[in-house]
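Quick notes on the structure that follows.
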Amino acid sequence: MFIADLHALTSVTNGDTLREQSFELAVEYFAIYGLDTETKIFRQSDIHNITKLMWILTNVTPYSLMLRAHSFKDSEDRIHQKEQEIAYIQ
């Protein structure tokens, strides 16, 4: 099981809060599933190759391909909606 702390960086900007939440998640996992010596728990940020791979894929993935992903399109729509609201206020 991994703790997706890199994904959390989009909403949690305080490092102490992120560490605390990661620890709490690991504690909850142990509370629910117990100690299983077969299962490993690690933070996503502990595996540096994940970040390297993300960087490579970001550089070779065209924007038009990203627009095919529903979650990316939804995110883009929200950003453009906010930009339009700000432009309207100004």
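Data overview
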{"quantity": "Counted residues, the stretch 1-30 - those being of a type outside the set (Gly, Ala, Ser), in a loop (DSSP other than H, G, I, E, B) and over 14 Å from ILE50 (Cβ atoms)", "calculated": "5"}
{"quantity": "Members of the stretch 39-61 that are of a type outside the set (A, V, I, L, M, F, W, C) and more than 18 Å from ILE3 (Cβ to Cβ)", "calculated": "LYS52, THR58, ASN59, THR61"}
{"quantity": "Residue list for the stretch 28-49, restricted to those being modelled with pLDDT of 90 or more and hydrophobic (A, V, I, L, M, F, W, C)", "calculated": "ILE47"}
{"quantity": "Hits in the stretch 31-50 (condition: loosely packed, with under 12 Cβ neighbours inside 10 Å and assigned to a helix (DSSP H, G or I))", "calculated": "ALA31, ILE32, TYR33, ASP46, HIS48, ASN49"}
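The values are calculated or read from the model by the stated rules, or taken from the named source; none is laboratory data. Quick caveat, the model's predicted, so the values are computed rather than measured. Note that each Cβ is placed from the backbone with ideal geometry, even for glycine, and that neighbours are counted across all protein chains shown.
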